[in-house]
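Visitor: Take this structure first; my questions come after.
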Amino acid sequence: MIQNTQIVDSKSSIDLFLTTLLSDIETVLPEDKFIAVDTEFIRENLDIPLLCLVQIATPNYCFVIDPLAVDISFLIKVFSDKNIIKVFHSAGQDIDVLYYSNIRNIENIYDTQLYEMLLSTKEYISYKSIVARYLKKNIDKNYVVSDWQRRPLSKEQLQYSIGDVVYLREVYKKQRQKLVDLGRIDWLKPEMEQLSGNNVSHYREKDFETAKKLSEWVGNRAKERNIDMQNIADERAIKRICRKGQPYIQKMLKYRGLINKDFRDFLLFAKDIIPDNHFDNSKQDLTTHALKLVLEMCSQKSNIAPAIIANSDDLENFIKTYESNPSSLRIMKDWRYDIFGKYAQSFLDEKLSITLKNRCVEFAER
């Protein structure tokens, strides 16, 4: 744990922060020229989230910045500096919250959650899980639903907020080395640039209000139960409900293996607020379902999560444009083409089939 912790809650501490951070970055080895970033905020029952803390870790310091005490516009200079890598875990929510605090130009982003999907078939790994995987540490996430608006912060709150970014630095260095060894370090540059593109919503425009209501419900339940929001429903579940609507909700409610009462209550809440016509009823045909199997097989073969290779929109667009100009699609470019696109193309060209051999599903050339 970094010993040099600075609380930034006054004009003098802002000046010290800027001087210390830049000098610390400048004097370290190239592989250490990055900052780890996290935020603590309150979202439930608010039109826009309330940013309560911004934590930043450099090689030798950890800064806990208090947006309730100071104007954080001084962070614009740091976050817009293209020469400094900003490491987040699950960057989307942090970027959204910072956006509402007028920090809208975050350059050179690295998201450990997304990059981990290039190293495992597991999708959207939690921070707790990624720390356990790389650092063999079991971190306490109880304070994730703490009252971050309270002042002064408790010793436990402060320790928790510092730990998040300090461990994130270690995770990033280990993960990055794995990606370099596999030649995959540049594979998600477009996705990182999209995160830097100041797009406050990672949902379709028509889904934004629904997603906000769903997130608020999860936040309230998590606070009541004093548990992590991801133990109830993660962002992926919210996105799926917004995109697939009532058919998906009904399907999940009928699932016999659904034993999590909180998640079931969440689905019932979603069922009440999403209209029947929310879902685009263009039915997925058997070809789409077959391509999903091809995708899953390619995912297992490459040890890369299917969600980072292609999503449902990618598959549907591929089928729609296949006979005209599919080369413009992202699954037909760069690493996605080598991992999946060429197999999808051969499958639709009827040059590739799926067979069962020794009880294993395999590709077979026709």
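Visitor: Could you give me the residue pairs with C-beta distances under 9 Å whose first residue belongs to the range 18-30 and is over 11 Å from residue 84 (Cα atoms), whose second residue is part of a helix (DSSP H, G or I) and open to solvent by 90 Å² or more (accessible area, probe 1.4 Å) wherever it lies, and which are 6+ apart or on separate chains?
Guide: 18/77
Visitor: Which of the residues belonging to the range 174-191 are open to solvent by less than 90 Å² (accessible area, probe 1.4 Å), part of a helix (DSSP H, G or I) and modelled with pLDDT of 95 or more?
Guide: Those that are open to solvent by less than 90 Å² (accessible area, probe 1.4 Å), part of a helix (DSSP H, G or I) and modelled with pLDDT of 95 or more: 175, 179, 180.
Visitor: Taking residue 150 and the conditions (1) open to solvent by less than 30 Å² (accessible area, probe 1.4 Å); (2) part of a loop (DSSP other than H, G, I, E, B); (3) farther than 22 Å from residue 296 by Cα; (4) free of Cβ contacts under 8 Å to residues at least 40 places away in the same chain, which numbered condition does it fall short on, given that it satisfies the others?
Guide: (1)
Visitor: Which count do you get for residues in the range 123-138 that are outside any helix (DSSP H, G or I), surrounded by fewer than 15 Cβ atoms within 10 Å (Cβ to Cβ) and touching a residue at least 12 places away in the same chain (Cβ under 8 Å)? Spell out the reasoning first.
Guide: Narrowing the range 123-138 to residues outside any helix (DSSP H, G or I): 123-126, 136-138.
Then drop every residue that is not surrounded by fewer than 15 Cβ atoms within 10 Å (Cβ to Cβ), which leaves 136-138.
Now restrict to residues that are touching a residue at least 12 places away in the same chain (Cβ under 8 Å): 137.
Total meeting the criteria: 1.
Visitor: Would you confirm whether any residue within the range 19-32 is in a strand (DSSP E or B) and surrounded by 16 or more Cβ atoms within 10 Å (Cβ to Cβ)?
Guide: Pass one, the range 19-32, residues in a strand (DSSP E or B): none.
No - not one qualifying residue is present in the range 19-32.
Visitor: Can you spot a residue in the range 309-330 that is small (Gly, Ala, Ser), surrounded by 15 or more Cβ atoms within 10 Å (Cβ to Cβ) and more than 26 Å from residue 209 (Cα to Cα)?
Guide: no
Visitor: OK, next. What is the number of the single condition among (1) among the β-branched types (Val, Ile, Thr); (2) in contact with an Asp or Glu (Cβ under 8 Å, 6 or more places away or on another chain); (3) over 14 Å from residue 347 (Cβ atoms) that residue 331 does not meet?
Guide: (3) is the only condition that residue 331 fails.
Visitor: Checking residue 304 against (1) modelled with pLDDT of 95 or more; (2) touching a strand residue (DSSP E or B) at 6+ places or on another chain (Cβ under 8 Å), which test does it fail?
Guide: Among (1) modelled with pLDDT of 95 or more; (2) touching a strand residue (DSSP E or B) at 6+ places or on another chain (Cβ under 8 Å), residue 304 violates only (2).
Visitor: Only one residue in 170, 205 is more than 16 Å from the chain's Cα centre (by Cα), at pLDDT below 90 and more than 16 Å from residue 95 (Cα to Cα), so which one is that? Steps first, answer last, please.
Guide: Numbers: 170 fails: at pLDDT below 90.
From the options 170, 205, the qualifying one is 205.
Visitor: Continuing with the same structure: Going by the conditions given, is residue 69 among the small types (Gly, Ala, Ser), under 30 Å from residue 220 (Cα atoms) and crowded, with 16+ Cβ neighbours inside 10 Å? Walk me through it before giving the result.
Guide: Working: among the small types (Gly, Ala, Ser): yes; under 30 Å from residue 220 (Cα atoms): yes; crowded, with 16+ Cβ neighbours inside 10 Å: no.
The answer is no for residue 69.
Visitor: Looking at residue 73, is it at pLDDT 95 or above and closer than 21 Å to residue 154 by Cβ? Steps first, answer last, please.
Guide: On the way: at pLDDT 95 or above: yes; closer than 21 Å to residue 154 by Cβ: no.
So residue 73 does not fit the description; no.
Visitor: So if I check each of 109, 95, which one is of a type in the set (A, V, I, L, M), at pLDDT below 95, within 23 Å of residue 239 (Cβ to Cβ) and touching a Ser or Thr at 6+ places or on another chain (Cβ under 9 Å)? Even if it seems obvious, please write down each step before you answer.
Guide: On the way: 109 fails: at pLDDT below 95.
After ruling out the rest, the residue left standing is 95.
The values are calculated or read from the model by the stated rules, or taken from the named source; none is laboratory data. Worth saying up front: this structure is predicted, and the values here are computed from it rather than measured. Every residue, glycine as well, gets a Cβ built from its backbone with ideal geometry; the counts of neighbours run over all protein chains shown. With ligands, DNA and RNA removed, areas are computed over all heavy atoms of the protein, side chains included. Shrake-Rupley method; radii C 1.70, N 1.55, O 1.52, S 1.80 Å.
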